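Taking it in order: structure first as structure tokens, then the write-up.
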Amino acid sequence: MNHFEFFGLPVALQVDEAALRRAYLLNSKKFHPDFHTLSDEVRQNEALELSTRNNEAFHILSDSDKRLRYVLELYGLLGENMENAPLPPDFLMEMMDINEALADLQFEYETDRFNETVKKVQSLENELKKNVQALLDHWNAASGNVEALLPLRDYFFKRRYLLRIKENLSTFAAA
């Protein structure tokens, strides 16, 4: 049973947040270990497992980024080792330019160059999202179109790469 089924929701990239919260709260009351203290040990352990699952599932499905990752995992689109994600050469060339800018900033910090790099990364991130926004807003399993998730997988990996760059940039802001 996947997290969507656990809450009685359809597999989709957008969820009815009110329905998700209602299901989570109902499950919290139903499975919370404090309500099973008089039960036998087997039932107590089962309640603990279900309570843990309830919390984990809610944590994933209530966050759009984690939900996207979860859906991609459900359909086997992330593979065993997510570190070896295939990224297109044109994207990697853009990243090489940004990584060179980061290296230059580490060697000799310049506020203008830093701001320019931040703007470029933000612009790339916005463009990536704009290209897949319709899929993010409307894809669901009922459509039966798993192939439509492929651009979202690419988006996921590119965005992860950009997030690492943003983390590197944040070290300059902290310094």
Looking at Leu152, Pro33, His138, which one has the Cα that reaches farthest to the positive end of the dipole of the range 2-158 (charges on Cβ: Lys, Arg +1; Asp, Glu -1)? Pro33
Projected-area average for the range 1-55 over all orientations - Cα convex hull basis, square nanometres: 3.8 nm²
Rounded to 0.05, the calculated FRET efficiency for the beta carbons of Glu73 and Asn131 at R₀ = 22 Å is 0.50
Electrostatic dipole magnitude of the range 113-174 [Cβ: Lys, Arg +1; Asp, Glu -1; Cα centre; debye, to 20]: 260 debye
Less than 20 Å apart at the alpha-carbon level, and either on another chain or at least 8 residues along: which lysines does that give for Lys120? Lys129, Lys130, Lys158, Lys166
Roll a 1.4 Å probe over the protein chains and send me the accessible area per residue for the chain in Å². 63 Å²
Going residue by residue through the range 46-54, the Karplus relation 6.51 cos²θ - 1.76 cosθ + 1.60 with θ = phi - 60° gives ³J(HN,Hα) values, rounded to whole Hz and with x marking Gly or Pro, of 4, 5, 5, 4, 5, 5, 5, 4, 4
Aspartates and glutamates whose Cα lies under 14 Å from that of Lys30, excluding same-chain neighbours fewer than 8 positions away: Glu46, Glu49
Taking 22 Å as R0, compute the FRET efficiency from the Cβ-Cβ separation of Arg43 and Ala19 and round it to 0.05. 0.20
Evaluate the charge dipole of the chain about its Cα centre and quote only its size in Debye, nearest 20, assuming +1 on the Cβ of each Lys and Arg and -1 on the Cβ of each Asp and Glu. 600 debye
Rounded FRET efficiency, nearest 0.05, which uses the C-beta distance separating Asn168 from Ile60 and R0 of 30 Å: 0.65
Could you tell me how far the Cα centroid of the range 56-134 sits from the Cα centroid of the range 11-50, in Å? 34 Å
The chain: calculated mean residue ellipticity at 222 nm from DSSP helix runs of at least 4, using -39500 (n - 2.57): -24000 deg cm²/dmol
Dmax and Rg, reported as Rg then Dmax, of the range 97-160 (C-alpha, Å): 16.5, 53
Extension gain (nm, one decimal) between Gln122 and Glu5, 0.36 nm per residue minus Cα-Cα: 38.6 nm
List every residue whose amide H lies under 5 Å from the amide H of Leu9, counting only residues 5 or more places away in sequence or on a different chain, with H placed 1.01 Å from N in the peptide plane. none
Once phi is turned into ³J(HN,Hα) by the Karplus curve 6.51 cos²θ - 1.76 cosθ + 1.60 with θ = phi - 60°, what whole-Hz value does each residue of the range 149-162 show in order, with x for glycine and proline? 7, 4, x, 6, 5, 4, 4, 4, 5, 5, 5, 4, 4, 5
Express the C-alpha Rg of the range 43-166 as a ratio against the empirical globular expectation 2.2 N^0.38 Å, rounded to two decimals. 1.35
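The values are calculated or read from the model by the stated rules, or taken from the named source; none is laboratory data. Here the structure is a predicted model, which means the values were calculated and not measured. Positions of Cβ are generated from backbone atoms using ideal geometry, with glycine treated the same way; all protein chains shown enter the neighbour counts. These area figures cover heavy atoms from the full protein model, side chains too; ligands, DNA and RNA do not enter into them. Shrake-Rupley method; radii C 1.70, N 1.55, O 1.52, S 1.80 Å.
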